[in-house]
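The numbers here are math on the coordinates, done by the rules we state, and not lab data. Computed from a predicted structure; not experimentally measured. We place every Cβ from the backbone using ideal geometry, glycine too, and count neighbours over all the protein chains shown.
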Amino acid sequence: MKIELNQMNFEMLQLPVRTAKPREDGLTMVMDKGASLREAEDFASVASGYVDLVKLGFGTAFVTPNLKEKIKIYHDAGMPVYLGGTLFEAFVVRKQFDQYRKMLSDFGLRYVEVSDGSLSMPHDEKCNYISTLAKDFTVLSEVGSKDAEIIFAPYKWIALMKAELEAGSWKVVAEARESGNVGIFRGTGEVRSGLVDEILTQIPADKVLWEAPNKHQQVWFIKLLGANVNLGNIALNEVIPLETIRLGLRGDTFKQFLNGNGSGGSH
């Protein structure tokens with residue numbers, strides 16, 4: 001059963017207008033790190049109207065039982081599935097890129113993530129993978145390292161994102177891991193606000209999917225960019241809470257959209 005965003009339980013004024021699926025902004029990407037078929041069914045029954053993408057995190061697809069059945073549950077509920085970028089890297093480092101592409105097709109996947117967060121590769125090579133995959137799939141490419149010791153300067157984030165969008169990426173994903181303490185975040189989980197501001201001077205906000213697994217990070221982006229910011233690495237049980245933050249129905253953003261404040265955000 002799919003839940004549509006306009007099927008709310010009662011009427012309320014002064015709520016921000018949420019984009020409708022399928023959408024280009026306001027995306028919510030969730031990370032499934034090993035949910036059972038029953039858990040996937042239960043999740044789909046309450047959250048499918050709010051979820052745009054389901055990522056089977058890192059390499060979990062390789063060891064997840066009943067993988068085709070799980071993918072079908074999500075697809076039937078209108079939630080496209082893709083596999084974690086770490087799995088892409090694991091195939092590439094083993095010289096199995098062609099097998100990876102065939103595997104994606106065998107499982108009926110239409111989306112793919114290209115990353116280099118664990119595997120070091122020349123950026124031209126990464127862009128070639130993006131261009132090749134973009135011929136048959138919708139590509140999300142992840143920018144940023146999973147290594148907390150590797151910190152990119154803002155100009156480099158911007159250059160990498162621009163190149164990957166030009167190579168054929170639909171969205172660029174700003175790395176944070178499922179823990180939210182690398183990439184666009186400091187080790188404490190605090191947002192590198194100067195970095196985000198610099199990125200937004202050059203990259204359109206609707207082209208970036210910000211990984212923001214923790215509530216305070218989600219609140220920060222919604223206050224900056226409004227209800228329809230793209231957010232990812234959301235836990236399965238945090239989708240409904242996130243939607244209330246987007247709508248100003250949780251204390252963190254309660255005043256954000258009142259009195260004609262619109263969608264919020266300044267970019």
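As a proxy for reagent exposure, Val51, Val92 were ordered by neighbouring Cβ count within 10 angstrom, fewest first; the result is Val92, Val51. Ordered by the count of other Cβ atoms within 10 Å of each Cβ, fewest first, Glu113, Glu11, Glu125 give Glu11, Glu125, Glu113. In sequence order, the range 233-243 has phi-based couplings of 6, 7, 5, 4, 7, 10, 5, 5, x, 4, 4 Hz under the Karplus curve 6.51 cos²θ - 1.76 cosθ + 1.60, θ = phi - 60°, and Gly or Pro positions carry x. If you wrap the Cα atoms of the range 28-172 in a convex hull and average its projected area over all directions, you get 8.8 nm². Summarising the label geometry, the points placed 7 Å from Cα in the beta-carbon direction at Ser120 and Arg250 lie 3.9 nm from one another. Each of Trp220, Trp157, Trp170, Trp210 has some number of other Cβ atoms within 10 Å of its Cβ, and from fewest to most they run Trp170, Trp220, Trp157, Trp210.
Quick one: length gained pulling Met103 to Ser45 fully straight, 0.36 nm per residue minus the C-alpha distance?
18.1 nm
Packing order of peptides 103-109, 193-199, highest average first: 193-199, 103-109 (average count of other Cβ atoms within 10 Å over each peptide's residues). At a Förster distance of 25 Å, what's the computed FRET efficiency of Thr188 paired with Lys223, Cβ-Cβ distance as r, to 0.05? Between Thr188 and Lys223 the formula returns 0.85. Each Cα pair under 8 Å and six or more residues apart adds its separation to the average, and for the range 28-253 the resulting relative contact order is 18 percent.
Around the amide H of Asp32, modelled in the peptide plane, lie the amide H atoms of Lys55, Leu56, Gly57, all under 5 Å away and 5 or more residues distant in sequence or on another chain. If you take every DSSP beta bridge fully contained in the chain, what fraction is antiparallel? Give it as a percent rounded to 5. In the chain, approximately 5 percent of DSSP beta bridges are antiparallel ones.
Here Asp136 and Lys215 are evaluated by their C-beta separation; at R0 = 35 Å the FRET efficiency comes out at 0.45. Take the Cα of Trp170, step 7 Å toward its Cβ, do the same at Leu15, and the gap between the two points is 2.6 nm.
Got a sec to turn the phi values of the range 184-191 into Karplus ³J(HN,Hα) couplings, 6.51 cos²θ - 1.76 cosθ + 1.60 with θ = phi - 60°, whole Hz, x for Gly and Pro? The phi angles translate into 6, 10, 6, x, 7, x, 6, 5 Hz. In this structure, the amide hydrogen of Leu209, modeled 1.01 Å from its nitrogen in the peptide plane, lies closer than 5 angstrom to those of Val172, Val173, Ala174, counting only residues at least 5 positions away or on a different chain.
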